[in-house]
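> Structure incoming, see below.
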Amino acid sequence: MAASDRPVFPVVGDGSGIEPDRKLHPEELQLALRNKALPLEGLRYDVTPTGLHYLLVHYDIPAVDAQTWRLTVGGHVRQPLTLTLADLQRRPARTLPVTLECAGDGRALLEPRPVSQPWLAGAVGNAAWTGTPLRGILDEAGLEDDVVEILLTGLDRGIEGGVEQDYQRSLPLDTALDDDVLVAWAMNDRPLEPQHGYPVRVIVPGWYGMTHVKWLRSIEALSVPFDGYQHTAYRYSQSRDEPGEPVTLMRVRSLLIPPGIPDFLTRTRVVQAGPVELRGRAWSGYGPITRVEVSVDGGASWNDAEVSPPPGVHAWQAWRYAWDASRAGEYELCCRAHDRAGNVQPVEQYWTARGMGNNAVHRVRVLVRAS
Ligand SMILES: Nc1nc2c(c(=O)[nH]1)N[C@H]1C(S)=C(S)[C@@H](COP(=O)(O)O)O[C@H]1N2
Ligand SMILES: [Mo]
């Protein structure tokens, strides 16, 4: 191999990006310790406390001075703008509870496992986000007639898949013009924490997390579709080379709050025999949740849970189920949700080469102990 052909970075596994073994690579552990899931007991809060919200940062958290930070609005617009944080905060503001989930949630449960951030379950949160509608900013800048997408660029920069890049995602024009898409400066009534996008991020209700660009620095109106790295990486495909379908809205999913007490190492649950109320959350980017089912026998039989209305159109819904756990023994609890569009969570894993959208039913092992 010529010196110039040598990979600059160490190879992880066999270099294919797919790991058939269940043992994690140290590089995956390194990512898992930087990023984190919602502890499942955190599903109990309607609005996720900021410190419990999941976190995903591709590169580094950028250092930002809000005094000198500017948001530029340009590209195919009649009137380019440069906005300060104070300019943004003088605009009409709205606060929306929005459920955000990483498209890679459930990735590390896949077999074979795509090598990346190794999420199990819980790359999700439901915070209250305050900001001004993106639409108002676009209206003020005046979009040219040929605009098809709005490109959002963050301040963070890194190398991924061998490509050096700014973190960038684009929105289809009709999505960008939705009144509920926010340029947000507050999470749960406080300025954004550094790791969640300080001073400003985008919130795109219903879409998987990658679209909610943090540390926003520019908004650009495009007349041709964007094909940058973060668009080609977020695809549903059976191999890394195949283009596949783009990852967009959150697929229907539900999670349950593990009952009882955990065994420290295995997280297996221990519950005293008797009635147990099972609770959890369910959400979908394709419309409200119409039904949640619970199984206590690993998916062999299902029973309907009681589903609460959403606290906001883009927020997860609570569900509950009265489990008669009167018989001691070993159980596998499962939950699966249905949305208004008719989607239902699969019992089997949905495997893709990049581990996107694995919304297979959530499973929790429980030992019921005789009282
Ligand atoms: N600028 C920038 N925005 C970003 C990211 C990033 O790495 N850089 N990660 C994205 C991904 S993949 C997800 S899942 C969400 C996570 O948002 P949170 O960390 O606030 O939960 O932010 C998105 N926005
Ligand atoms: Mo993500």
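The values are calculated or read from the model by the stated rules, or taken from the named source; none is laboratory data. Values in this document were obtained by computation on a predicted structure and should not be read as measured data. Note: ideal-geometry Cβ built from the backbone for every residue, glycine included; neighbour counts use all protein chains shown.
> Does region 47-66 include one or more residues that are more than 30 Å from Leu33 (Cβ to Cβ) and either away from ligand 1 (no atom under 13 Å from the Cβ) or of a type in the set (Ser, Thr, Tyr) (or both)? Please lay out each step first, then the result.
To start, the set of residues in region 47-66 that are more than 30 Å from Leu33 (Cβ to Cβ) comprises none.
Checked region 47-66: no residue is more than 30 Å from Leu33 (Cβ to Cβ) and either away from ligand 1 (no atom under 13 Å from the Cβ) or of a type in the set (Ser, Thr, Tyr) (or both).
> Mind counting the residues in region 236-259 that are within 16 Å of ligand 1 (Cβ to nearest atom) and either part of a helix (DSSP H, G or I) or buried (at least 18 other Cβ atoms within 10 Å of the Cβ) (or both)? Before the answer, list the steps.
Of the residues in region 236-259, the ones within 16 Å of ligand 1 (Cβ to nearest atom) are 236, 246-251, 253, 255.
Filter again for either part of a helix (DSSP H, G or I) or buried (at least 18 other Cβ atoms within 10 Å of the Cβ) (or both), leaving 236, 247-251, 253, 255.
Result for region 236-259: 8.
> Residues being touching a Leu at 6+ places or on another chain (Cβ under 7 Å) and assigned to a loop (DSSP other than H, G, I, E, B): count how many of those fall in region 13-36. Show your work before the answer.
Taking region 13-36 first, the residues touching a Leu at 6+ places or on another chain (Cβ under 7 Å) are 35-36.
Imposing the further condition that a residue be assigned to a loop (DSSP other than H, G, I, E, B) reduces the set to 35.
So the answer is 1.
> Taking region 37-46 as the search range and keeping residues that are assigned to a loop (DSSP other than H, G, I, E, B) and more than 15 Å from the chain's Cα centre (by Cα), which one is surrounded by the fewest Cβ atoms within 10 Å (Cβ to Cβ)? Quick ask: steps written out before the conclusion?
Within region 37-46, the first condition is being assigned to a loop (DSSP other than H, G, I, E, B), and the residues that meet it are 37-39, 45-46.
Filter once more, keeping what is more than 15 Å from the chain's Cα centre (by Cα): 45-46.
Working: Tyr45: 13, Asp46: 16.
Only one residue fits best here, namely Tyr45.
> Out of all the residues in region 184-230, which are among the β-branched types (Val, Ile, Thr) and either within 16 Å of ligand 2 (Cβ to nearest atom) or surrounded by fewer than 23 Cβ atoms within 10 Å (Cβ to Cβ) (or both)? Spell out the reasoning first.
Of all residues in region 184-230, those among the β-branched types (Val, Ile, Thr) come to 200, 202-204, 211, 213, 219, 224.
Answer for region 184-230, where residues must be among the β-branched types (Val, Ile, Thr) and either within 16 Å of ligand 2 (Cβ to nearest atom) or surrounded by fewer than 23 Cβ atoms within 10 Å (Cβ to Cβ) (or both): Val202, Ile203, Val204, Thr211, Val213, Val224.
> Another question about this same structure. Test Lys23 against the stated conditions and say whether it is free of Cβ contacts under 8 Å to residues at least 40 places away in the same chain and within 14 Å of ligand 1 (Cβ to nearest atom).
no
Conditions tested, residue by residue: (1) under 17 Å from the mean Cα position of the chain (by Cα); (2) not polar (S, T, N, Q).
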| site | (1), (2) |
| --- | --- |
| Phe9 | no, yes |
| Gly17 | no, yes |
| Asn35 | yes, no |
| Thr48 | yes, no |
| Val64 | no, yes |
| Thr68 | no, no |
| Gly74 | no, yes |
| Val77 | no, yes |
| Leu81 | no, yes |
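> If you don't mind, there's one more thing I want to ask. Any idea how many residues of region 322-371 are assigned to a strand (DSSP E or B) and either under 19 Å from Gly122 (Cβ atoms) or not aromatic (Phe, Trp, Tyr) (or both)?
Just the residues of region 322-371 that are assigned to a strand (DSSP E or B), to begin with: 322-325, 329-339, 344, 362-369.
Among the residues that remain, those that are also either under 19 Å from Gly122 (Cβ atoms) or not aromatic (Phe, Trp, Tyr) (or both) are: 322, 324-325, 329-330, 332-339, 344, 362-369.
Qualifying residue count for the region: 22.
> For the subset of region 95-116 comprising residues that are within 14 Å of ligand 1 (Cβ to nearest atom) and acidic (Asp, Glu), which member is surrounded by the most Cβ atoms within 10 Å (Cβ to Cβ)? Working first, answer last.
Restricting attention to region 95-116, the residues satisfying the condition of being within 14 Å of ligand 1 (Cβ to nearest atom) are 98-107, 116.
Okay, now just the ones that are also acidic (Asp, Glu), so 101, 105.
Working: Glu101: 27, Asp105: 30.
Across region 95-116, the extreme among qualifying residues is Asp105.
> Does region 93-123 hold any residues that are closer than 23 Å to Asp179 by Cα, assigned to a strand (DSSP E or B) and within 15 Å of ligand 2 (Cβ to nearest atom), and which are they?
Val98, Thr99, Leu100, Glu101
> Any chance you could count how many residues in region 67-94 are among the hydrophobic types (A, V, I, L, M, F, W, C) and within 16 Å of ligand 1 (Cβ to nearest atom)?
We begin by selecting, within region 67-94, every residue among the hydrophobic types (A, V, I, L, M, F, W, C); these are 69, 71, 73, 77, 81, 83, 85-86, 88, 93.
Subset that is within 16 Å of ligand 1 (Cβ to nearest atom): 69, 71.
Residues flagged as among the hydrophobic types (A, V, I, L, M, F, W, C) and within 16 Å of ligand 1 (Cβ to nearest atom) within region 67-94 amount to 2.
> Give me the residue from region 59-92 that is part of a loop (DSSP other than H, G, I, E, B) and without any contact (Cβ under 8 Å) to a residue 60 or more places away in the chain and, out of that set, nearest to ligand 2 (Cβ to nearest atom). Lay out the reasoning, then the answer.
Filtering region 59-92 down to residues part of a loop (DSSP other than H, G, I, E, B) leaves 59-70, 76, 78-80, 84, 90-92.
Next cut, without any contact (Cβ under 8 Å) to a residue 60 or more places away in the chain only: 63, 65, 67-68, 84, 90-92.
Working: Ala63: 22, Asp65: 27, Gln67: 30, Thr68: 29, Thr84: 29, Arg90: 31, Arg91: 28, Pro92: 29 Å.
Of everything passing the filter in region 59-92, Ala63 is nearest to ligand 2 (Cβ to nearest atom).
> Looking at the structure I just gave you, is Gly329 within 15 Å of Leu110 (Cα to Cα) and outside the structural domain of Ala103 (by TED's automatic domain parsing)? Show your work before the answer.
Details: within 15 Å of Leu110 (Cα to Cα): no; outside the structural domain of Ala103 (by TED's automatic domain parsing): yes.
Here the answer is no, as Gly329 does not meet what is asked.
> Still on this structure, please answer the following. Go through the residues of region 118-128 one by one and say whether even a single one is out of contact with any Pro (no Cβ under 8 Å at 6 or more places or on another chain) and either modelled with pLDDT under 95 or farther than 30 Å from Gly280 by Cα (or both).
Narrowing region 118-128 to residues out of contact with any Pro (no Cβ under 8 Å at 6 or more places or on another chain): 118-121, 123-125.
Applying the additional criterion that residues be either modelled with pLDDT under 95 or farther than 30 Å from Gly280 by Cα (or both) yields none.
No, region 118-128 contains no residue that is out of contact with any Pro (no Cβ under 8 Å at 6 or more places or on another chain) and either modelled with pLDDT under 95 or farther than 30 Å from Gly280 by Cα (or both).
> With away from ligand 2 (no atom under 15 Å from the Cβ) and within 30 Å of Gln349 (Cα to Cα) as the only criterion, which of Leu151, Leu155, Leu171 stands out?
Numbers: Leu151 fails: within 30 Å of Gln349 (Cα to Cα); Leu155 fails: within 30 Å of Gln349 (Cα to Cα).
Selected residue: Leu171, the only one of Leu151, Leu155, Leu171 that is away from ligand 2 (no atom under 15 Å from the Cβ) and within 30 Å of Gln349 (Cα to Cα).
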